[in-house]
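Since the structure comes first, as structure tokens, the remarks are kept for the end.
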Amino acid sequence: MLRVEAVKKSFDGFLAVNEADLLVEKGEIIAVIGPNGAGKTTLFNLITGQLKPDTGRIIFKDEDIAGVPPYEICKKGISRSFQIVNIFNRLTVFENVQVAMLSHQKKTFNLFSPAKGQVIRETKEILDNVGLSDKASKISGSLSHGDQKVLEMAIALGNRPELLILDEPTAGLSPEETSVTIDMINRLTTDLGLTILFCEHDMELVFSIAHKIMVMQQGKSIIQAPPDQVRDNREVQEAYLGGSA
Amino acid sequence: MDIGQAFTFAALGSQFLVGLSRAMILFVVCSGMSFVLGVLRVPNIAHGSLYMIGAFSAYSIFTLFGQSSTGFWLALFLAPLVVALVSLIAERALFCHLYEREHLMLLLFTFALMLILGDLVKLIWGAEYRSIMAPPFLRGSISIFGSPFPRYNLFLLIIGPIVAIGLWLFTNKTKIGKISRAAAVDREMVGAVGINVSWVFAGAFVIGCYLAGLGGALVAPTVSVTIGMDHDIIIEAFLIVTIGGLGNMWGTLVGSLIFGLTQSFGVLFWPQFAIVFPYVAVVVILIWRPTGMLKSVW
Amino acid sequence: MFRNIFNLKSFVPIVVFFIVLLILPPIIPRFYTYIIAVMFVTSLLAMSLNMVLGHGGMFQFHHGAFYGVGAYTFALILTKTTLPMWVGFAAGPIVAALVGLLVGWFCVRLNRLYFGMLQISLGSLIWAIAFRWYSLTSGDDGIHGIPMPSILSSLNCSYYFILIVLAICLVGMYLIFKSPFGTTLQAIRDNPQRCEAVGVNVRRHQLAAIVIATFFAGVAGVLFVVLERSVFPDLLFWVLSLEIFIMCLLGGWFTFLGPMLGAAITVALRTFVGIYTEYWTLILGVILILLIFFLPEGVFGYFIEKFKERGTTDMLEEK
């Protein structure tokens, strides 16, 4: 479904992503792991168009999307959440998701029919799905960090993506919130048939839900394989898991 | 005017010098603005008012000393200090409490300051036109390229580079200058190494305003000093700083030159629309290089 | 469709207010009628700015330029051509919107402060042209005594005309504010990067917002001419632009009606403080500083916050 081939990106001479490869098949949950500064977020930014790769190809459904602006990529079916909470602070929770939904249905240039009558059902469905419906009318900026993180994901779902990219979905969450999030990710793949690509520091989480794991180090992709193979790989152990695994 | 005569070498040359001396005044004023912008990240809208206060203070000091040459030199020396003092008071009493707030609020504060200072000037000095005479040896004209050129403008052509070099030495060779440059790039870091960022900002603000006052005092002998001169300069200063690259001193110099020269050559080519040319230049530059010609410190 | 966004509770006071405004002119002194009409025009201008500033989050630093373009277009059509009046009415806003399209097309490429700066330079360019093109605009002097048809001859007639146009514009603006486009615009204000990530072409929406806002600014410009019968370059000068900027903040720029309140307060201050002292900008400056320190959400925004705390707005529970 998504194929990243030998992508490179440098900032002022610093190679953030260097020859990274990645393959995502339909229906899979793929995790990207690696130490801080390994280039995971940069890789995601390259895939979703926030950044433009220097060289290399990013193929999504047989189409090269390298360097295509983010709003175009989103329309093609890739949607993402961000590592640092990135929501519409002054809008209500409902409106946050509604905007994504409106954009998905190409209604954002609709000038005169009230927004209140638009995409209500679809938006409610998503809020139900992630468990935010009771907070729908709250201003999103006033939510707790955990709820904002969930909303972050809900917004991404508003675009009805085929491929959902999650950048550290559980960063800063409590253990309970984390397990809720894990359930949700599992449910999304089974119920909605989503393909999920995510990166995460919580190794337990990664090894419990990912079908395949891609390991990055210093901008390079070392290996992409099922969890047990990754665990047994010597190169990975040296480079990343080190003593802790 | 006869077109053929207008484009003689002499006319071009003298217009060039006129533009150049105008650019020097603009540079002195704008470098101050650029300095504040670089360190505090706020376009100081009150900068023009401080420039006006500089000019009026220069007038008062000049009159106090019986309109003598001594008076002129004292005015040139003291008026910017008066402005610096005013800005220090405004900064310590009010502005410094806003540094943590939204950017737009800082911008608005400077606008409020402009409104207040503008009226205060009217209260203190009234609405009449004032003027200052330069010392005798700077009056009159000398002949350059066969056409008369005011001596005072030559004086400006000397002052401008001195200010530029002085500012460069200050920011690159002194400790305070280095700290303020570092604060412009990364204020957290400067705070982390134990420097009081608030006072660095105060210092930068006062120095920037001092330059506004100096510009006001320098321009006083060439124009009639009156209320409204703040409005005229502030937009020009804004645009010069922008096209140069926000906070970049050399960019400000280039911007000032472009503004001054397009204006003076505009007078030659199409007097009626002379004021249009600098704006056209700005528009062209910003479309060509949206973040200014030289690298912005932001 | 209207029932969806105009609930009865908030609708009643607005209708009452509107009726009060309708019956006022015959019973109050002429001077006050004039001042209220000035407030109407200024309100419309401030609210049009707020569409891009408060709801769109763009640093529209030179909104006055479009107001002036609307006014000048209308004035020039009335004085220099023999075209019928309504052509002028239509042309004012349309030309303003076209200029808005042109200016906006360049501006939306830039970020925040640079956006504002480019707009100031483009706006100043327009000002400089109006200021210098004597043969067309009479330059500094402006154009005065613009003839109006008999239907708008008296002050009361122009008052009613302005009120009705204002009411229509407000309904239109409110519909846009509450439309999917309005919601998207506010999302862009809060977080343009995220908006791009959910598939919104941010620049194109911003440009559309600018065109709509400048159209309404053009309407305000036409109304100004109807009221004052004159135009002058100060309409295009940046000081006016900053003043309306302040009105939005004074009233509350994240609210819909706030700028209207801000405009009314500013006009009232200028008029009534102006009677006692010529230093009214000093007072405006002091008020502005007080506002920055104590009411950063604006007057109207402050009251809305208060209401929310007490939980009396039904706005929130409806969804």
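The values are calculated or read from the model by the stated rules, or taken from the named source; none is laboratory data. The model shown is predicted, which means the values in this text are computed figures rather than measured ones. Neighbour counts are summed over all protein chains in view; Cβ atoms, including those assigned to glycine, are modelled from backbone coordinates with ideal geometry. Accessible surface is based on the protein model in full, side chains and every heavy atom, while ligands, DNA and RNA are left aside. Shrake-Rupley method; radii C 1.70, N 1.55, O 1.52, S 1.80 Å.
Of all the residues in region C:183-203, those that are facing another protein chain (nearest Cβ under 7 Å), in contact with a helix residue (DSSP H, G or I) (Cβ under 6 Å, 6 or more places away or on another chain), part of a helix (DSSP H, G or I) and surrounded by fewer than 24 Cβ atoms within 10 Å (Cβ to Cβ) number 1. So is B:Ile142 surrounded by fewer than 15 Cβ atoms within 10 Å (Cβ to Cβ) and either under 29 Å from B:Gly255 (Cα atoms) or at pLDDT below 80 (or both) or not? Yes: the conditions hold for B:Ile142. One residue is enough: does region B:181-200 have a residue meeting the conditions in contact with an Asp or Glu (Cβ under 6 Å, 6 or more places away or on another chain) and either farther than 13 Å from B:Leu88 by Cβ or surrounded by fewer than 21 Cβ atoms within 10 Å (Cβ to Cβ) (or both)? Among the residues of region B:181-200, not one is in contact with an Asp or Glu (Cβ under 6 Å, 6 or more places away or on another chain) and either farther than 13 Å from B:Leu88 by Cβ or surrounded by fewer than 21 Cβ atoms within 10 Å (Cβ to Cβ) (or both), which makes the answer no. Residues that are more than 8 Å from chain C (Cβ to nearest Cβ) and closer than 26 Å to C:Trp105 by Cβ were ranked within region B:267-280; the one that is most open to solvent (accessible area, probe 1.4 Å) is B:Phe277.
Of the candidates C:Leu250, C:Leu242, the single residue that is part of a helix (DSSP H, G or I), hydrophobic (A, V, I, L, M, F, W, C) and under 28 Å from C:Leu22 (Cβ atoms) is C:Leu250.
Is it the case, given these coordinates, that A:Lys52 is in contact with a Leu (Cβ under 8 Å, 6 or more places away or on another chain) and farther than 30 Å from A:Phe207 by Cβ? Here the answer is yes, as A:Lys52 does meet what is asked. Pairs meeting the criteria (first residue in region B:61-83 and polar (S, T, N, Q), second residue open to solvent by 60 Å² or more (accessible area, probe 1.4 Å) and in a loop (DSSP other than H, G, I, E, B), beta carbons under 8 Å, at least 6 apart or on different chains) are B:Gln67/B:Met133. Kindly provide the set of residues from region A:60-85 that are open to solvent by 40 Å² or more (accessible area, probe 1.4 Å), more than 10 Å from chain C (Cβ to nearest Cβ) and free of Cβ contacts under 8 Å to residues at least 60 places away in the same chain, ordered by number. Matches in region A:60-85: A:Asp62, A:Glu63, A:Asp64, A:Ile84. Taking region B:122-156 as the range and being part of a helix (DSSP H, G or I) and within 10 Å of chain C (Cβ to nearest Cβ) as the test, the residues that pass are B:Lys122, B:Leu123.
For (1) free of Cβ contacts under 8 Å to residues at least 40 places away in the same chain; (2) among the small types (Gly, Ala, Ser); (3) more than 13 Å from C:Val226 (Cα to Cα), each residue gets a yes or a no:
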residue: C:Ser135; (1), (2), (3): yes, yes, yes
residue: C:Asp140; (1), (2), (3): no, no, yes
residue: C:Pro147; (1), (2), (3): no, no, no
residue: C:Leu152; (1), (2), (3): no, no, no
residue: C:Tyr159; (1), (2), (3): no, no, no
residue: C:Met173; (1), (2), (3): no, no, yes
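Filter region C:102-135 down to the residues that are out of contact with any Pro (no Cβ under 7 Å at 6 or more places or on another chain) and more than 20 Å from C:Phe245 (Cα to Cα) and list them by number. Hits for region C:102-135 are C:Leu102, C:Trp105, C:Phe106, C:Ala128, C:Ile129, C:Arg132, C:Trp133, C:Tyr134, C:Ser135. Within region B:96-119, the set of residues being surrounded by fewer than 22 Cβ atoms within 10 Å (Cβ to Cβ), farther than 20 Å from C:Trp253 by Cβ and hydrophobic (A, V, I, L, M, F, W, C) comprises just one member, B:Cys96.
Do we find a residue being more than 16 Å from C:Ser48 (Cα to Cα), open to solvent by less than 40 Å² (accessible area, probe 1.4 Å), in a helix (DSSP H, G or I) and not hydroxyl-bearing (Ser, Thr, Tyr) anywhere in region C:166-179? Among the residues of region C:166-179, not one is more than 16 Å from C:Ser48 (Cα to Cα), open to solvent by less than 40 Å² (accessible area, probe 1.4 Å), in a helix (DSSP H, G or I) and not hydroxyl-bearing (Ser, Thr, Tyr), which makes the answer no. Restricted to helices (runs of 4 or more DSSP H) entirely inside region B:187-271, those with at least 3 residues that are within 21 Å of C:Ile129 (Cβ to Cβ) are B:229-244, B:249-269. For region C:80-110, filtering for residues that are outside any helix (DSSP H, G or I), without any contact (Cβ under 8 Å) to a residue 60 or more places away in the chain and within 14 Å of another protein chain (Cβ to nearest Cβ) leaves 1. Checking each residue in region A:102-132 for being among the small types (Gly, Ala, Ser), more than 21 Å from A:Thr178 (Cβ to Cβ) and surrounded by fewer than 21 Cβ atoms within 10 Å (Cβ to Cβ) picks out A:Ser113, A:Gly117. Scanning region C:228-241 for residues that are open to solvent by 20 Å² or more (accessible area, probe 1.4 Å) and touching a Phe, Trp or Tyr at 6+ places or on another chain (Cβ under 8 Å) yields C:Phe237, C:Leu240. Note on region C:128-158: residues that are in a helix (DSSP H, G or I) and surrounded by 11 or more Cβ atoms within 10 Å (Cβ to Cβ) total 16. Just so you know, in region C:19-78 the residues that are aromatic (Phe, Trp, Tyr) and open to solvent by 10 Å² or more (accessible area, probe 1.4 Å) include one that is nearest to C:Met173 (Cα to Cα), and it is C:Phe40.
Here is a yes/no grid of residues against (1) within 16 Å of A:Thr42 (Cα to Cα); (2) in contact with a helix residue (DSSP H, G or I) (Cβ under 8 Å, 6 or more places away or on another chain):
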site: A:Asp167; (1), (2): yes, yes
site: A:Thr170; (1), (2): no, yes
site: A:Glu176; (1), (2): no, no
site: A:Thr195; (1), (2): no, yes
site: A:Ile209; (1), (2): no, yes
site: A:Ser221; (1), (2): yes, no
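Among the residues of region A:35-57, those that are more than 16 Å from the chain's Cα centre (by Cα) and open to solvent by less than 30 Å² (accessible area, probe 1.4 Å) comprise A:Ala38, A:Pro53. Regarding B:Val283, is this residue free of Cβ contacts under 8 Å to residues at least 40 places away in the same chain, within 12 Å of chain C (Cβ to nearest Cβ) and open to solvent by less than 20 Å² (accessible area, probe 1.4 Å)? The answer is yes for B:Val283. The residue that is nearest to A:Glu152 (Cα to Cα), counting only those in region A:58-97 that are over 19 Å from the mean Cα position of the chain (by Cα) and acidic (Asp, Glu), is A:Glu95.
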